[in-house]
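Notes follow the structure.
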Amino acid sequence: MVRGALGTLLGLEPDIEVVSQVGRGDEIVAAALDSRADVALLDIEMPGLDGLSAAEVLHRTMPDCVIIILTTFGRPGYLRRAMEAGASGFLVKDGPAEDLAAAIRRAMAGERVIDNALAAAALSAGPNPLSTREREVLAAAADGSTIASVASRLFLSEGTVRNYLSSAIQKTEAATRMEAVLTAERRGWL
């Protein structure tokens, strides 16, 4: 419903044409290629493939397509990951539609468009201290899985999983792995 409403509002702008809408992250690249989109407006939370991963694939596939992340989850870690994935903009959904249209125009003109409060928070938060593998292991353990189960799913030894979890717990300054998961999710590191 939100996607449709945004599409309708943006379609009312005289210089913006909505050429495609999809509800799944794993449909984004095909839709962008098919429609030859100049701009892709993505959410972080999508089935099939999250918006940050979809942004990365889209940027590799269509480097001239301007990518803007529009999300409810204004977390500094997500902002950093979006910029690393090739996004030109990162906005939270609580702004007016006119601001979104203006942001699209600015991004098309080559500007980086980032929510000001989120940019300040990202600068003060610093970089994500977790390595790629620590994030993978922590994410796999997020559902409460046993060490053996995580090791099996990620094709790692149980000792290696313990080491990555221990490191992630230390880096997040948590007492338990579930606390580390919550801290990493809250900061947008997972």
Next item on the list: In debye, nearest 20, what is the charge dipole magnitude of the chain about its Cα centre with +1 on Lys and Arg Cβ and -1 on Asp and Glu Cβ, if you could check?
Entry: 660 debye
Item checked: Taking all pairs of distinct alpha-carbon atoms in the stretch 1-85, Kirkwood radius in angstrom -> 13.1 Å
Next item on the list: Heavy atoms only, probe 1.4 Å: what % of the accessible area of the stretch 82-190 goes to carbon and sulfur, would you let me know?
Entry: 52 percent
Next item on the list: Tell me the label-point distance for the pair E111, M178, using the 7 Å Cα-to-Cβ offset, in nm and rounded to one decimal.
Entry: 4.6 nm
Item checked: Lys/Arg +1, Asp/Glu -1 at C-beta; the stretch 35-104 dipole; positive extreme among S88, V57, A40 -> V57
Check: Between S149 and D34, what length comes free when the chain is fully extended (0.36 nm per residue of separation minus the Cα-Cα distance, one decimal in nm)?
Finding: 37.4 nm
Notebook entry, point to check: Can you give me the relative contact order of the stretch 9-160 as a percent, contacts being Cα pairs under 8 Å and 6 or more apart?
Noted result: 16 percent
Notebook entry, point to check: How high is the FRET efficiency from R186 to E98, r the C-beta distance, R0 30 Å, rounded to 0.05?
Noted result: 0.45
Notebook entry, point to check: Once a ≥ b ≥ c are taken as the square roots of the eigenvalues of the Cα gyration tensor of the stretch 28-142, is the result rounded (a/c under 1.5), prolate (a/b larger than b/c) or oblate (a/b not larger than b/c)?
Noted result: oblate
Next item on the list: Would you mind working out the accessible area per residue for the stretch 1-76, using a 1.4 Å probe, and quoting it in Å²?
Entry: 56 Å²
Check: What are the ³J(HN,Hα) values, in whole Hz, obtained from phi via the Karplus relation 6.51 cos²θ - 1.76 cosθ + 1.60 with θ = phi - 60°, for each residue of the stretch 26-38 in sequence order, with x given for Gly and Pro?
Finding: 7, 9, 5, 4, 4, 5, 5, 5, 5, 8, 6, 5, 8
Notebook entry, point to check: Accessible surface of K93 in the full protein assembly, 1.4 angstrom probe, to the nearest 10 Å²?
Noted result: 80 Å²
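The values are calculated or read from the model by the stated rules, or taken from the named source; none is laboratory data. Predicted model only: the values in this text are computed from it and were never measured. Every residue, glycine as well, gets a Cβ built from its backbone with ideal geometry; the counts of neighbours run over all protein chains shown. The protein model used for the area step is the full one, side chains on, heavy atoms only, and it has no ligands, DNA or RNA in it. Shrake-Rupley method; radii C 1.70, N 1.55, O 1.52, S 1.80 Å.
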